[in-house]
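Here it is, the structure in full.
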Amino acid sequence: MAYFETRGLVKFFGGLAAVNGVSFQVGQGQICGLIGPNGSGKTTIFNLINGYFPLNDGEIYFNGKKISGLKTHKICREGIGRTFQVVKPLKRMTVLDNVLASAFLHSRTKNEAVDLAEKTIEFCGMTAQKDKPAGSLPIASRKRLEITRALATKPKLLLLDETAAGLNPVELDEAIDLIKKIRESGITIIIVEHIMKVIMTVSDRILAINHGMVLAEGTPAELASHKEVIAAYFGEDYGA
């Protein structure tokens, strides 16, 4: 069995199949990119993985255990952390306190939680901002805080949802470096991203979806020249 695997995921909203029979695997230590046009079902897949939405059909396995059907907090305890496309930090609290809230998931005492939070902040390069109110941070720092909060839950698998959106070229390179650093620490990653520079740079394999179904799967080089993937993004004229 793969380290992470989905089998035939299905999710309906009314009569619309937002996700329809999606199956894929991710090996331990890999980065899997998840791409597709807006509305293709990418974030819905994340919401199914972490239990935010219940499945209509299908199964999800992680680290040798079936996790589909578990509550969100139990899935997090199993080792799956995530970020959100729209970042919502606790604005009036400091960066440290934001991360501390996540660190309590696996900490038995406050001192233990503070130690974990500070180490995670340092790992993500936010030490200089740790005492600032989260609401005062620019978008790039808020995105980084979102990742830091997720890492403080000590995930084995991290779901990154458009963490590079809205970043300038310098910030983009810094985000790529952080993603690589996270993988080098031993954490497996599934990343949803529209910025192709990010996906093509960090991913070992890429899963392309459209209309809630798997369109193609392969290496970055294979997907970059895949006619159906190009057509889904840019239109049939480009795909031809």
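For segment 72-81, indicate whether the set of residues that are farther than 19 Å from Lys156 by Cβ and β-branched (Val, Ile, Thr) is non-empty.
Narrowing segment 72-81 to residues farther than 19 Å from Lys156 by Cβ: none.
No, segment 72-81 contains no residue that is farther than 19 Å from Lys156 by Cβ and β-branched (Val, Ile, Thr).
While we're on this one: How about segment 144-167: which of its residues are of a type outside the set (Val, Ile, Thr) and either part of a loop (DSSP other than H, G, I, E, B) or free of Cβ contacts under 8 Å to residues at least 60 places away in the same chain (or both)?
Arg144, Leu145, Ala152, Lys154, Pro155, Lys156, Glu162, Ala164, Ala165, Gly166, Leu167
Over 26 Å from Val170 (Cβ atoms) and surrounded by fewer than 20 Cβ atoms within 10 Å (Cβ to Cβ): does that describe Lys132?
Details: over 26 Å from Val170 (Cβ atoms): no; surrounded by fewer than 20 Cβ atoms within 10 Å (Cβ to Cβ): yes.
No; evaluated as a whole, the condition is false for this residue.
A further question follows. Within the set of pairs 6+ apart or on separate chains, which have a first residue in segment 202-227 that is more than 23 Å from Val10 (Cβ to Cβ), a second that is among the polar types (S, T, N, Q), and C-beta atoms under 8 Å apart?
That search, which allows pairs on different chains as well, returns Asp204/Gln30; Asp204/Thr219; Pro220/Ser203.
Here is a follow-up. Out of the residues in segment 84-102 that are in a loop (DSSP other than H, G, I, E, B) and touching a residue at least 40 places away in the same chain (Cβ under 8 Å), which is surrounded by the most Cβ atoms within 10 Å (Cβ to Cβ)?
Per the criteria, the residue is Val87.
When Gly186 is evaluated against the numbered criteria (1) surrounded by fewer than 16 Cβ atoms within 10 Å (Cβ to Cβ); (2) out of contact with any Gly (no Cβ under 8 Å at 6 or more places or on another chain); (3) at pLDDT 95 or above; (4) not aliphatic (A, V, I, L, M), which criterion, by number, is the only one it fails?
(2)
The values are calculated or read from the model by the stated rules, or taken from the named source; none is laboratory data. None of the values given here were measured: they were computed from a predicted structure. Every residue, glycine as well, gets a Cβ built from its backbone with ideal geometry; the counts of neighbours run over all protein chains shown.
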